[in-house]
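The values are calculated or read from the model by the stated rules, or taken from the named source; none is laboratory data. Remember, it's a predicted structure, so these values are computed and weren't measured experimentally. Positions of Cβ are generated from backbone atoms using ideal geometry, with glycine treated the same way; all protein chains shown enter the neighbour counts. Only protein heavy atoms, including side chains, enter the accessible area calculation; ligands, DNA and RNA are left aside. Shrake-Rupley method; radii C 1.70, N 1.55, O 1.52, S 1.80 Å.
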Amino acid sequence: MRKPVFKETLVALYIMTDEFLNFFKDPTQENFLKARNYVITHEEYNPYSDDISKLQELLEVANYEKVLHYNNINVIMSPRAHLYKKYAATQLGNEKDASSEFFLAHRILEGILLTGDGSKEHPYVVLRVSDERDVLSFISEEFESQSLVKEERIYDLITTKSGKTIYFDITDSYNTIASFGMNDMLRSLGVNLEDEDDDSNENTLSPNEKPAKKWWKFW
């Protein structure tokens, strides 16, 4: 069994395995894919979890401490989650943690770019839909439209406002969500199963819906 490594220099005492630490120290494609594989094989991996929405909600009510200490397998390799944490740390006046979180977000985005060039032959490999938007921002492209391409692999084909087409390989996340039971799938999309008449989730975003632009800007 792989023993977790505790790295106290990282914000909120992340429980980092060797896979993650090796990638953050040595950002090669091989190391990134090993860290990514740890996530997709984890029993709690959910590519459509509502963690990003939860972090947004916490930021909107200025609960910065909770954002900074929000951790699970679905956010550890999410650039956006680390950028939200960076914002929270900055608001708390914690520049050391803000710098660490920005470093982690930047390193993960670099890792995604190491997986391909955005072509169909060499698509970028992502863990969740929000990663696609983060990559677009990182390479200074704006989202225009999206279509699902199902062949031997499953792709999100993104067209940008500049007319560029970018392929993202979502095979692993697609197969993971397809393996869920109906109740698990509904929960992953934010449906309240305990009260089917509850309208509290009527504004929940669908996986491919673009969230409203917030007041913070990272790139």
Could you check segment 99-133 and list, in sequence order, the residues that are part of a strand (DSSP E or B) and among the aromatic types (Phe, Trp, Tyr)?
124
Output the qualifying pairs, or none if there are none: Cβ atoms under 7 angstrom, residues six or more apart or on different chains, first residue in segment 164-176 and within 13 Å of residue 130 (Cα to Cα), second residue hydrophobic (A, V, I, L, M, F, W, C) and outside any strand (DSSP E or B).
168/126; 170/126; 173/127
Residue list for segment 147-163, restricted to those being more than 23 Å from residue 40 (Cα to Cα) and touching a residue at least 24 places away in the same chain (Cβ under 8 Å):
160
Considering only helices (runs of 4 or more DSSP H) fully contained in segment 17-97, which possess at least 1 residues that are open to solvent by 60 Å² or more (accessible area, probe 1.4 Å), in contact with an Asp or Glu (Cβ under 8 Å, 6 or more places away or on another chain) and in contact (Cβ under 8 Å) with a residue 12 or more places away in the chain?
29-40, 79-91
Filtered residues of segment 106-162 (kept if open to solvent by 50 Å² or more (accessible area, probe 1.4 Å), more than 17 Å from the chain's Cα centre (by Cα) and among the charged types (D, E, K, R)):
117, 120, 121, 142, 144, 150, 151, 152, 153, 161
Boolean, residue 136 is closer than 23 Å to residue 22 by Cα, without any contact (Cβ under 8 Å) to a residue 60 or more places away in the chain, among the hydrophobic types (A, V, I, L, M, F, W, C) and assigned to a helix (DSSP H, G or I)
no
